[in-house]
1. Can you give the Rg and Dmax of region 598-672 based on its C-alpha atoms, in angstrom?
2. Tell me, how many Å apart are the Cα centres for region 272-326 and for region 1-75?
3. For the chain, what are the per-bin percents of Cα-Cα distances with bins 20 Å wide, up to the bin holding the maximum?
4. When only C-alpha pairs under 8 Å and at least 6 residues apart count, what is the relative contact order of region 6-66, in percent?
5. Order of 311-322, 88-99 by packing, highest average Cβ count within 10 Å first?
6. What span do the alpha-carbon atoms of region 323-405 cover on each of the three principal axes, reported in whole Å from largest to smallest?
7. Given the convex hull over the Cα atoms of region 277-424, what projected area results after averaging over all orientations, in nm²?
8. Could you line up 436, 430, 415 from fewest to most neighbouring Cβ atoms inside 10 Å?
Ligand code: 5U1
């Protein structure tokens with residue numbers, strides 16, 4: 001390096017350190033310290049120095065995260081200490097038995113302190129650091145020998161290439177889980193679908209597959225994350241006394257530690273943690289398959305030791321599986337509000353992810369072809385997060401001889417109109433429009449729904465019955481109903497009928513945004529309806545707007561703009577709007593001149609927890625009326641979080657990101673200032 005000027009070398013080292021700090025803030029702490037543009041500027045500066053002086057490049061340079069030349073195979077790494085697996089407990093009794101064994105072995109009845117950790121569903125890895133520098137990364141393999149995946153591990157931003165902080169051990173082997181957050185998994189599969197590649201069954205397979213890529217550039221393109229959860233080899237002057245202390249030291253050296261880790265005082269609190277985490281499992285941004293409980297005291301851990309391949313001092317309390325095998329009995333084709341025909345798999349009922357599943361979506365014809373699924377097949381069902389169950393894979397080995405191909409219908413199963421598919425769209429649609437009973441039903445259900453006209457008591461079943469019995473043919477007919485017409489319907493008592501008539505009458509007074517949303521224009525969801533209302537002020541101006549005028553509005557892209565224009569060019573739609581107005585449906589137009597004064601314009605708010613003083617929908621309406629955007633997740637862009645009772649991970653994240661938080665009472669007082 002003698003030819004590198006001293007000042008350049010210093011400038012380079014400063015840039016490496018600064019960029020690594022930014023990476024740590026962004027990927028480990030979820031708390032960006034500089035805007036992306038500044039990060040990119042510094043990275044370009046670093047790369048230009050590296051271009052001029054290639055010898056200057058150090059292994060901990062952020063430029064090295066992009067992956068390098070492809071390998072022909074992985075070499076093997078023998079773990080200095082075996083990578084253990086965990087014993088499982090499937091219920092509370094088994095957990096109690098675990099503790100009984102511990103107490104017997106320790107010959108003590110004293111309470112034992114535990115650390116509770118979400119068990120991330122990814123791939124276990126071992127990372128070796130010498131004097132703070134990453135030496136290698138290895139897979140678990142069979143527990144004794146794993147594969148050398150160092151070049152791949154280096155591309156993961158939350159894996160520190162160099163440790164920072166005090167008392168860094170001379171040798172430190174960190175164990176943890178590399179996983180793919182659900183958003184990354186969905187994006188990866190969406191891209192695979194577009195390019196006709198094979199999709200991954202679940203985030204765990206996707207993470208493991210991404211780690212075992214011979215081309216590290218592929219790994220670099222996958223949004224993998226790593227959380228540390230224990231140590232293997234450890235040579236240092238000081239050793240923490242507890243597992244909690246060890247995690248905190250790891251956090252200090254730059255590792256990401258899951259933010260739901262908790263230390264609890266006894267086994268009863270472990271069970272309580274299970275209940276709390278089980279409730280939140282669906283809303284976590286990553287898959288977990290259970291909880292790991294670990295004895296907190298490292299001295300007790302040492303006394304307890306190991307059995308065969310598992311430590312005695314830890315246990316995994318498993319959640320119900322999110323994947324199960326079952327049989328595909330039939331495929332039915334449902335017609336949605338916009339005529340979209342969705343194949344729905346009817347399944348032999350199976351318990352998965354804590355509920356019994358008997359239907360799963362097959363999305364569209366392409367998905368049926370991609371899966372190659374046939375009626376009678378054994379399939380793997382996946383139900384994770386709050387998404388609807390999916391068929392992840394067909395178990396071809398189990399295909400019965402009498403399996404039948406799934407045939408996509410050429411005619412609508414409800415109205416027999418032709419099914420059409422627009423070029424470039426995966427969705428096939430019934431061409432029957434409002435001639436199709438299914439589309440009429442869905443349009444009316446949407447119109448009556450809570451976020452639209454909010455007609456209390458008009459449930460899906462009743463809508464179906466009224467259309468089937470030819471009591472109504474369009475949304476406008478709702479306002480012509482009377483008690484006499486309703487009581488003729490099966491199981492409709494006079495009291496319910498008159499309540500429904502009152503609810504329908506009450507729905508007449510609405511807002512422009514709700515009315516627009518209720519019309520069910522394709523791709524016009526609640527937020528777009530609000531934006532349209534706010535920007536145009538009246539339905540006449542929206543109906544007259546051109547594609548170009550619509551495109552001037554935030555959130556409206558060319559496809560939505562075209563759908564809006566088409567909707568208002570259709571005379572049937574215009575006559576329905578007129579009929580609704582004639583029936584007395586009304587709203588106040590928005591005075592555009594007063595909008596300049598929207599005090600929360602440009603702000604993004606997040607509502608979390610169970611609101612008790614007002615409903616979440618009301619809170620959202622009020623905020624939007626003041627010009628704020630209401631988002632569902634907390635990020636660095638969030639202006640303000642309202643944390644109602646029971647708020648969980650969003651509140652934690654807001655605190656980590658240092659975002660302003662107010663409780664519900666403060667929120668109500670805040671709104672009162674604008675009334
Ligand atoms: N969170 C967490 N996952 N996990 C997996 N901790 C943890 N610990 C493990 C494993 C296999 O093993 C240690 C107890 C050695």
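Bear in mind these aren't lab numbers, they're just calculated from the coordinates by the rules spelled out. Just so we're clear, the structure is a prediction, and the values are computed from it rather than from any experiment. Glycine also receives a Cβ, built like all others from the backbone with ideal geometry; neighbour counts cover every protein chain displayed.
1. 11.2, 30
2. 37
3. 14, 41, 34, 10, 0
4. 40
5. The most tightly packed comes first, giving 311-322, 88-99.
6. The Cα atoms of region 323-405 stretch 38, 31, 18 Å along their principal axes.
7. With every direction weighted equally, the projected area is 13.2 nm².
8. By the 10 Å Cβ count, ascending, the order reads 415, 436, 430.
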